[in-house]
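The values are calculated or read from the model by the stated rules, or taken from the named source; none is laboratory data. Quick caveat: nothing in here was measured; it's all calculated off a predicted structure. Cβ placement follows ideal geometry from the backbone for every residue including glycine, while neighbour counts extend to all protein chains displayed. The area values use the complete protein model at the heavy-atom level, side chains included, leaving out ligands, DNA and RNA. Shrake-Rupley method; radii C 1.70, N 1.55, O 1.52, S 1.80 Å.
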Amino acid sequence: MPSTRTNAVVRTMGVIDRDAVALLIPELREAVAAGAVRVDGAAIEQIGQAGLQLLLSARRSADAVAAAFEIVAPSRSLCRAAMIAGLSEALSLPDAD
Amino acid sequence: MTGDEIQQIFFQECDEGLSAAEAGLLLCQAGAQDEETINTIFRAVHSIKGGAGAFGFAALQSFTHHFETVLDRVRSDELALTPAVLATLLAAFDTLADHVTAIRGQDAAPDDAAILARLQSLARARDASPADTAAPIPPAPATMPDAGFDLDALLAGLNAAALPGRPPWRVIVRPEAAALAGGSEPLLLLRELKAIGGRIVDVDTGAVPDLDRFDADGAYLAWTFEVPGAAEKAAIAEIFDFIADDCAVSITAADEDMDGVCPSDADTADAVSGAAALPAPALDEVAAAAVETVPPAPPTGLVAERRGAERRAQDAQTIRVDLDKLDRLVNLVGELVITQSMLSQRLLMRGLGSIDELGDLDHLTRELQDSAMSIRAQPVRWVFSRVPRIVRELEASTGKRVRLEVEGEATELDKTVIERIGEPLTHLIRNAVDHGIEDPARRIAAGKPAEGRLRLSAEHRGGRILIIVSDDGAGIDRTRVLAKAVEKGIVAPDARLSDEEIDHLIFAPGFSTAQQVSNISGRGVGMDVVKQNVLALGGRISIQSVPGRGSTFTLALPLTLAILDGMIVSVADQTYIIPLTHIVESLRPAAGAVKSMGNGQHVLNVRGTYLPVLAVAEQLAIGASSPDPSSAVLIVVETEVHGQAVLMVDAINDQRQVVIKSLETHYRQIDGVAGATILGDGRVALILDVESLVAHRAAGADRIAA
């Protein structure tokens, strides 16, 4: 399972590949509709372009409806992938190294 | 070029990739790895994966994908390279080699389920290293130059500054949906760009839709990189080799858009695929990047080192040449050597031997010959690289522990020798582990470390290449070897043999001393085959063994199979070549040194040892030679099987390198003759097969103790 949702927190975990992305889309849409997108990235072990562009899309969608967007406790893997892709700032993530 | 030919190139690249990956893994095993080592292994596996995808080798592509994922975690410091992780990587490497063998149709695809499970476990494992944490990593303070700075970018900047004539490259990358669908990860390509000094100047996120229109299979991002001009464009393009169809990539000189003066310069502008569809980056950013000036700085140690690495990379550039073309070149050079020799002799006969140009021609011809031969030479690493796996498998099947030490892998040997030496070497390695090195309990009881030592080395010595396999095992049990040889009827029960002769009995056909026939060293036929293969290459094999301390097998191999150093001798009215490798000494016998045995046979007393004298004229049945040994020239030769003997010839004429011509190709095989050559005067001379001549004569006249 790529995610579990508890109290409006979209918890992501493991490998965020295209299959995982497909499962996360409806959860993120729901979170946007609820007015706050909080993504728990602590357990992300692997993420690539598919996952990063999903997070970017979620942020855009949240911004469009003035909903909050936050990635909580991003893992080192997530930070590093975002840094390689030049998306750290767009996703408000710290550099990994 | 046909599809098959392209596929053959891929197979060759697989071999090179496997070789590089294994060398890297062995460095890791020795604890000597650095970041570049891991990168090298990763790149090798990644390249194989790319080719596998391109040629539709699905199983190989899938396996390399999982292998690459774990390697990527290691090089990203997300997974510590513990002994357990390394063991999995080594096992994965072995399976990868099996997959490559399978796609060549040489074997069935390996069962990789178990190793795949291990790789997948590592791909998901949480690293125990303190560096890995789920907590957010605070950004490094900008004032700390030693934390979080981008060394590659810094070096790239310095390099670009030092090469003002080379503007930086602007690389635009837009992966298409198919790239993600094919299992590729564009981020890996971005990382490769960073590794050669690239830095992101723009990320185009304009195509990313909102969640309602988001398709998990879509690809919505594009990146603009600036790569230092010092990087070769080919090196940049190479990164996208295996994804070019699924990824729009444009590589242009950064100053092109700045002033717009060189749009047609084919050397600095290139679109790999679909560049026209790509959005241009903000001009001000590109211009800023292009006009940014960095004060000239003296090369730092790091920069100098990097430049050295680049130069080495350029030096190491290679081209692939069809082997037939190469052999034709070598043959033509051989003909040229012969023609030069004939010309030289003709001029000498007309009193023109001292002209300068003749000396120059001789010198140039020799250099040309050496160069042509060196093209065929390959590092012995190609053969040595298969040994670690053999040892790993032997450790697993015997329960013995072996530390393999390899030295001299860069030593070069003729390609044919390299190709033919693999099997004998493999058998020697198996023999050393199976019969030589004891199991840990016995070793400890004998006061040795539990781990046995197996040393494999290659070196260039005296015009030959020595390949040495040594172990610190039990050594040859001569009592048992002799008893076995007697039992098998290989030697007479009352034979008095030296230690060396007993050791050589293990090369006798059908000889085996293994208490239980194992499936490792076979059934005792291998050592015989080892010797035959080595002899067939014009080489020799020798053994040194010390009970309780181990054995050393030394293979002495010729540098090339095309040329040999020979002594030119005359017998009757014929000229022959005796290979110098066999010659111990030559002499005119003192009166009484040659004794008659009374049956037409003679022996020569050489410092207390009587050696049989073989009249070459008699052996080759050409007659008309001097029947009296005391008035002839005697040449003491060394053979593998029958020790020393003496060849009797009429005179020694010269000593020189000769080009070997196969007699079998042009005529047929003749006992006692190894081949032919063409002499300077245009005559054909036969090259004597010393082993065969001595063996022929040896039946009843071996060495006689004085």
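Under 15 Å Cα to Cα from residue B:661, which aspartates and glutamates show up? Leave out anything in the same chain fewer than 8 places away.
Answer for residue B:661, where 15 Å is the Cα cut-off: B:327, B:335, B:565, B:689, listed by chain and number.
Classify segment B:379-474 as rounded, prolate or oblate from the Cα gyration tensor: take a ≥ b ≥ c as the square roots of its eigenvalues, call it rounded if a/c is under 1.5, otherwise prolate when a/b beats b/c and oblate if not. Please report the intermediate quantities before stating the final value.
Numbers: a/c = 2.75, a/b = 1.98, b/c = 1.39.
Prolate, since a/c reaches 1.5 and a/b exceeds b/c.
Can you give the relative contact order of segment B:380-558 as a percent, counting alpha carbon pairs under 8 Å and 6+ residues apart? Mind showing how you got there, number by number?
Working: 319 pairs, mean separation 43.9, N = 179.
Relative contact order for segment B:380-558 comes out at 25 percent.
Counting each DSSP H run of 4 or more residues in chain A as -39500 (n - 2.57), what helix-only mean residue ellipticity at 222 nm follows after dividing by all residues, to the nearest 500 deg cm²/dmol? It would help to have the intermediate numbers written out before the result.
Working: 3 runs with 42 residues, N = 97.
Rounded to the nearest 500, the figure is -14000 deg cm²/dmol.
For residue B:318 paired with residue B:542, estimate the spin-label separation in nm (one decimal), with each label point 7 Å from Cα along the Cα-to-Cβ line.
Those two pseudo-labels are separated by 3.3 nm.
Identify, among B:336, B:375, B:352, the residue whose Cα sits farthest towards the positive end of the charge dipole of segment B:323-378, taking +1 on the Cβ of Lys and Arg and -1 on the Cβ of Asp and Glu, with the dipole about the Cα centre.
B:336
Quick one: what are the phi-derived ³J(HN,Hα) couplings along segment B:49-56, Karplus 6.51/-1.76/1.60 with θ = phi - 60°, whole Hz, x for glycine and proline?
Per-residue couplings from phi come out as 4, x, x, 4, x, 5, 9, x Hz.
Which pairs, out of B:400/B:484; B:194/B:233; B:400/B:531, put more than 19 Å between their alpha-carbon atoms?
B:400/B:484; B:400/B:531
On a 1.4 Å probe surface of the protein chains, which of B:696, B:642 comes out largest in accessible area, and what is the full order? Write out the running numbers ahead of the final one.
On the way: B:696 130, B:642 55 Å².
The ranking, largest first, comes out as B:696, B:642.
Can you give the Kirkwood hydrodynamic radius of segment B:3-124 from its Cα pairs, in Å with one decimal? Before the final figure, lay out the partial values.
On the way: mean 1/r = 0.0700 Å⁻¹.
Evaluated over segment B:3-124, this radius sits at 14.3 Å.
Arrange the residues B:435, B:363 by how much accessible surface each exposes, largest first, with a 1.4 angstrom probe.
Numbers: B:435 80, B:363 105 Å².
Sorted by accessible area, descending: B:363, B:435.
In the full protein assembly as shown, how much of residue B:453 is accessible to a 1.4 Å probe, in Å² to the nearest 10?
70 Å²
Express the Stokes-Einstein translational diffusion coefficient of chain A in µm² s⁻¹, to the nearest whole number, given a Kirkwood radius over alpha-carbon pairs, 10 °C and a viscosity of 1.306 mPa s.
Details: Rh = 12.9 Å.
D = 123 µm²/s.
Treating the Cα atoms of segment B:323-378 as identical point scatterers in vacuum, please give the log10 of the normalised Debye intensity I(q)/I(0) at q = 0.28, 0.30 Å⁻¹, two decimals.
Log-scaled intensity ratios, in q order: -1.05, -1.14.
If I ignore ligands, DNA and RNA and count only protein heavy atoms, how much of residue B:238 is accessible to a 1.4 Å probe, in Å² to the nearest 10?
120 Å²
Per 0.36 nm of contour for each residue apart, how much would the distance between residue B:572 and residue B:111 grow if the chain were fully extended, relative to their Cα-Cα spacing?
On the way: separation 461, 0.36 × 461 = 165.96 nm, distance 6.63 nm.
So the extension gain works out to 159.3 nm.
Step through the residues of segment B:429-439 one at a time and calculate ³J(HN,Hα) from phi using the Karplus curve (6.51 cos²θ - 1.76 cosθ + 1.60, θ = phi - 60°), rounding each to whole Hz and writing x for Gly and Pro.
5, 4, 5, 4, 6, 6, 9, x, 6, 7, 6
Run the dipole for segment A:5-97 about the Cα centre, Lys and Arg Cβ at +1, Asp and Glu Cβ at -1, nothing else charged, and hand back the magnitude in debye, nearest 20.
Working: 9 positive and 11 negative charges, 31 e Å.
Here the size comes out at about 140 debye.
Specify which residue in the list B:609, B:647, B:696 is farthest towards the positive end of the charge dipole of segment B:563-697, using unit charges on the beta carbon of Lys, Arg (+1) and Asp, Glu (-1), about the Cα centre.
The one lying farthest along the dipole's positive direction is B:609.
For segment B:3-124, calculate the relative contact order in percent as a whole number, restricting contacts to Cα pairs under 8 Å that are 6 or more residues apart.
On the way: 117 pairs, mean separation 30.8, N = 122.
Here the relative contact order equals 25 percent.
What quantity of accessible surface, computed with a 1.4 Å probe and excluding non-protein components, is buried in total between chains B and A, in Å² to the nearest 100? It would help to have the intermediate numbers written out before the result.
Numbers: alone 36620 and 5350 Å², together 38530 Å².
What B and A bury together is about 3400 Å².
Defining a contact as two alpha carbons under 8 Å apart and six or more residues distant in sequence, what relative contact order in percent does segment B:323-378 show?
On the way: 22 pairs, mean separation 29.1, N = 56.
Relative contact order here is 52 percent.
Probe 1.4 Å, all protein chains in place: accessible area of residue B:426 in Å², nearest 10?
30 Å²
Once label points are set 7 Å from the Cα along Cα→Cβ at both residue A:68 and residue B:8, what is their separation, rounded to one decimal in nm?
Distance between label points: 6.7 nm.
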